[in-house]
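Reviewing the structure listed below.
The values are calculated or read from the model by the stated rules, or taken from the named source; none is laboratory data. Remember, it's a predicted structure, so these values are computed and weren't measured experimentally. No Cβ is skipped: glycine too gets one built from the backbone with ideal geometry, and neighbour counts run over all protein chains shown. Note: accessible area is taken over every heavy atom of the protein model, side chains too, but ligands, DNA and RNA are not part of it. Shrake-Rupley method; radii C 1.70, N 1.55, O 1.52, S 1.80 Å.
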Amino acid sequence: MRVGTRSRTPDRLCAEAVELAREVAEEVAAPRGAGPHLGVVQEGDRLVTHRFECLDPGYRGWYWGVTVARASRARYVTVDEVALLPGPDALLAPEWVPWSERLRAGDMGPGDLLPVEADDPRLAPGTSGLDEALAPPVPGDTPAGEPAGGDTAEAPVTEGAPPVVEPAERARIEAVAREIGFGRPRVLSRLGLEEAADRWQETFGPDTPMAQAAPASCAGCGFLIPLAGSLRQAFGVCANEYSPADGRVVSLDYGCGAHSEAARMPAPITPPPPVIDHLGVDPL
Ligand code: SF4
């Protein structure tokens, strides 16, 4: 028995079974029926697909493929399967893209929920140190600050011992952690910070036309609210209602014509007192 060889020409009986294939295609394609025979494609030994044009206007360029087969040394051809398949010029739907890749800034609406992946690279674990403090001691662990092998290190540790932090102490740690911004499960990662900085720099940075034409930069503007954290060195929030950046994060190198020190409002001109001519006579 030869394995892996395939005849280059379609099996004659399978290729001649056009009417058998058409009969099945007409049945499946009802009520429009199948169009002209487009040819045969050899799928394998004694395995041939007959192609018929699809007449459905919604499937332009598609064809009905009826695959027929014949057993070795058999004289009869049988239908294997029927399928509607796209041809080279078929009108196809665009390739499906996951929603997370389709989402664009501004797509969120009221009531929408945007789940964040557990391993979102823009986020990193936030920590207050509380979890570590509450973790029950591991048998054999040496308490911090005490040398292994000392008296304390040899003291037996009860497995599953209650937390070492009392509830009042826990509440105090949580309050302090929240106050200094450590109470969140996750915080911005370095990547998240850099991506945000790039976006802000692009929108309200020194290369924008507004900044190029500004009389001075935001760094010296009284309407700038500085940010906290590492971004403080490069960004702040504009609080000038007349600026196009009001309420937005701006680069310290950004600027606009509403800069607090760039132009002073000119003092109003006081008109001189009216001159009343008591000597003249108005002709009436
Ligand atoms: S008013 Fe203009 S210059 Fe001042 S902070 Fe806002 S954007 Fe910057």
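Could you tell me, in Å, what Rg and Dmax come out for the Cα atoms of the range 12-86?
Calculated on Cα positions, Rg and Dmax stand at 12.0, 41 Å.
Each label point is 7 Å from the Cα along the Cα-to-Cβ direction; what then is the distance between the points at Asp119 and Glu19, in nm?
Here the answer is 6.1 nm between the modelled labels.
May I ask for the distance between the Cα centers of the range 12-51 and the range 59-110, given as a whole number of Å?
Each part's Cα centre sits 18 Å from the other's.
Ordering Arg51, Arg12, Arg264, Arg170 by how much accessible area each has at a 1.4 Å probe, largest first, what is the list? List each step's numbers first, then the result.
Details: Arg51 65, Arg12 150, Arg264 175, Arg170 95 Å².
Ranked list, largest accessible area first: Arg264, Arg12, Arg170, Arg51.
Round to the nearest 0.05 the FRET efficiency obtained for Ala263 and Arg170 when R0 = 41 Å and r is the Cβ-Cβ distance.
Working: r = 55 Å, r/R0 = 1.35.
After rounding, the FRET efficiency stands at 0.15.
Between Arg248 and Ser230, what is 0.36 nm times their sequence separation minus the Cα-Cα distance? Round to one decimal in nm.
Net length gain for the segment: 4.7 nm.
Top to bottom by accessible area (1.4 Å), largest first, where do Ile173, Ile225, Ile269, Ile276 land?
Sorted descending by solvent-accessible area, the residues read Ile269, Ile276, Ile225, Ile173.
What length, rounded to one decimal in nm, is gained on full extension from Asp207 through to Ser100, with 0.36 nm per residue of separation minus their alpha-carbon distance? Provide the component values of the computation, followed by the final result.
Numbers: separation 107, 0.36 × 107 = 38.52 nm, distance 3.03 nm.
This chain segment gains 35.5 nm when fully extended.
Please sort 59-69, 253-263 by packing, taking for each peptide the average over its residues of neighbouring beta carbons within 10 angstrom, highest first.
Values: 59-69: 20.6, 253-263: 18.5.
Descending packing order for the listed peptides: 59-69, 253-263.
Return the long-range amide H neighbours of Leu47 (sequence gap of 5 or more, or a different chain), with a cut-off of under 5 Å between placed amide H atoms.
Asp11
When 1/r is averaged over all different Cα pairs and the result inverted, which Kirkwood radius in Å belongs to the range 190-251? Don't skip to the end; give the middle numbers.
Values: mean 1/r = 0.0844 Å⁻¹.
Kirkwood radius, the range 190-251: 11.9 Å.
Express in nm, to one decimal, how much length is gained between Asp282 and Ala239 on full extension, taking 0.36 nm for each residue of separation and deducting their alpha carbon distance.
Separation in residues times 0.36 nm, less the Cα-Cα distance, equals 9.7 nm.
So, in nm, how far is label Ala30 from label Val275 when the simple model puts each one 7 Å beyond its Cα toward the Cβ?
Using points 7 Å along Cα→Cβ, the separation is 10.9 nm.
With just the Cα atoms defining each centre, how far is the range 176-222 from the range 225-266? Give it in Å.
That distance is 11 Å.
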